[in-house]
Amino acid sequence: MRPATTAIARIARRPTAPARTVTSAVDNATIRPVMSEVSPDHSPPSVLPPPMIGDSQPPIVPTPTQSPATNPKRLWWALPILTVSWLVLLTVIVAGAITIERWETAPGSVDAVSPRLGFGTGAAEVTRYPSKNSVRFVTAYGSQLTALEGFVGWVDDDIAVETKIERFGERSPVEQRRLGFQAMVGAKQIAEYVALKRLGYEVALNYGSVVVEQVLCDDEPTPDSACKVLNPGDVIESLAGTPTPTLDVLVKAMEGRRVGDVVELVVNTLNSNPSETRRNEKVRLIASPDDPKRTIIGIVPADTRTVDVPFEVDISTDSIGGPSAGLAFTLALLDELTPGNLMGMSKVAATGTIAEDGVVGAIGALRQKAVAVKQSGADVFLVPKSQTPEEIASARSAVGSSPTIIPVGTLDEALTALKKFGGGSLPASSSLPAS
């Protein structure tokens, strides 16, 4: 073991190295090229060792890098795409704001009738059986379209797009709405008459004025055809000198007349001063489009009948127009005024007009109403048997297997169909009160 003093002495005798001059590394920095290419064998690029500070090799300090200037040629494609995008957006905005001369018929609402029923004067002694599973009535929406809505309607099979003539004929939209509301009033009246009569109540049906709802033209109308001289809303007061205060009187006045006969009508305008609007018109009679052997004036009369019933019935329909809810209203009244449940456990919707003899009549927009019923989740949809086979087939194709679409021709057929789906039966008329 060597003494410590010997080691210290040896270190002290070593020659002293000359002093070094230290130069700033930044001043002597050089830049080495960095290889970024991938080697042929796809090995990752080599990593340079950290710089060494010495006598002959100054340290390498990388200078700050700058992003290369954006090359305008690389963005040549962006300007056309941006321009087209703005044009498309502008087109959509404009198309959604401009209305066009087209109207839609689209799936509407499906509403339970029972909550809309009300009974007033004379109904104190009437027992009600409010239904928890009421029959539903169906509507179709209709409004003037914007250009955008028109495009959507044209590509949607469940929306019908119509011209003004196809939608209103010779009527104005205001006249159409007025006649639609009047038709709804008539549908309620006839539904009350049919239902209460079926239940054994004493009721009476009264005919109203002969009001023109729609004019009809044959293939070659003459200047004196009804479609040329009469207008929707006209009231026919007499035919060939015979007063025609009601439709049943007009029907009798037409007996024995032939196609081509010219008759003189005294015509007034509904809800106007007769002394100011009354006029005489000569009209050439035509054959009925449904029955060529039957002679008609060339009009479709509005239903202006009223009923006398033992108690007041109110069916709230808000601003809904048209007669197509007649069958649903009739079924709802029968269900409301009898024990049990005519609908059973099924969710039932119904559409169709109702006549005083219980016949179910055809309606419009069947496909759209069928789609609305499907969207509501109903199981059964009663429709008029008098619809064309094409209309019924179109409705069935629109909804698939549900709801089950059942064509019915009368109220009795509708009640029979409901029984097959678990619905109840009506009690005998003799067991119900009569006024």
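The values are calculated or read from the model by the stated rules, or taken from the named source; none is laboratory data. The structure displayed is predicted, hence computed values, not measured ones. Backbone-built Cβ (ideal geometry, glycine too); neighbour counts: all protein chains shown.
Going through (1) outside any helix (DSSP H, G or I); (2) at pLDDT 95 or above one by one, Arg396 falls short only on (1). Filter segment 153-202 down to residues that are loosely packed, with under 15 Cβ neighbours inside 10 Å and of a type in the set (A, V, I, L, M) and give me whichever is modelled with the lowest pLDDT. My answer is Val155. Counting only residues that are aliphatic (A, V, I, L, M) and at pLDDT below 95, segment 314-336 holds 1 of them. Scanning segment 375-391 for residues that are surrounded by fewer than 19 Cβ atoms within 10 Å (Cβ to Cβ) and within 12 Å of Ile405 (Cα to Cα) yields a count of 2. Does Glu264 fit the bill of being at pLDDT 95 or above and out of contact with any Pro (no Cβ under 8 Å at 6 or more places or on another chain)? Considered against the rule, which asks whether it is at pLDDT 95 or above and out of contact with any Pro (no Cβ under 8 Å at 6 or more places or on another chain), Glu264 comes out as yes. Counting only residues that are more than 29 Å from Val203 (Cβ to Cβ) and in contact with a Gly (Cβ under 7 Å, 6 or more places away or on another chain), segment 370-410 holds 1 of them. Going through (1) of a type outside the set (Ser, Thr, Tyr); (2) assigned to a strand (DSSP E or B); (3) surrounded by fewer than 17 Cβ atoms within 10 Å (Cβ to Cβ); (4) touching a Gly at 6+ places or on another chain (Cβ under 8 Å) one by one, Val283 falls short only on (3).
Residue-wise test of (1) in a loop (DSSP other than H, G, I, E, B); (2) within 23 Å of Gly321 (Cβ to Cβ); (3) not assigned by TED's automatic domain parsing to the domain that holds Val110.
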{"residue": "Gly340", "(1), (2), (3)": "yes, no, no"}
{"residue": "Ser346", "(1), (2), (3)": "yes, no, no"}
{"residue": "Val373", "(1), (2), (3)": "no, yes, no"}
{"residue": "Phe381", "(1), (2), (3)": "no, yes, no"}
{"residue": "Ile392", "(1), (2), (3)": "no, no, no"}
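Look through segment 311-336, keep the residues that are out of contact with any Phe, Trp or Tyr (no Cβ under 7 Å at 6 or more places or on another chain), in a loop (DSSP other than H, G, I, E, B) and of a type outside the set (Ser, Thr, Tyr), and return whichever of them is surrounded by the fewest Cβ atoms within 10 Å (Cβ to Cβ). Checking each candidate, the answer is Asp318. The set of residues from segment 206-229 being over 35 Å from the mean Cα position of the chain (by Cα) and either buried (at least 16 other Cβ atoms within 10 Å of the Cβ) or within 18 Å of Val263 (Cβ to Cβ) (or both) comprises Pro221, Thr222, Pro223, Asp224, Ser225, Val229. Checked against the criteria, Thr295 does not count as out of contact with any Lys or Arg (no Cβ under 7 Å at 6 or more places or on another chain) and either of a type outside the set (A, V, I, L, M) or over 28 Å from Ala355 (Cβ atoms) (or both).
Under the condition of being among the hydrophobic types (A, V, I, L, M, F, W, C) and in a helix (DSSP H, G or I), the residues counted in segment 348-371 number 3.
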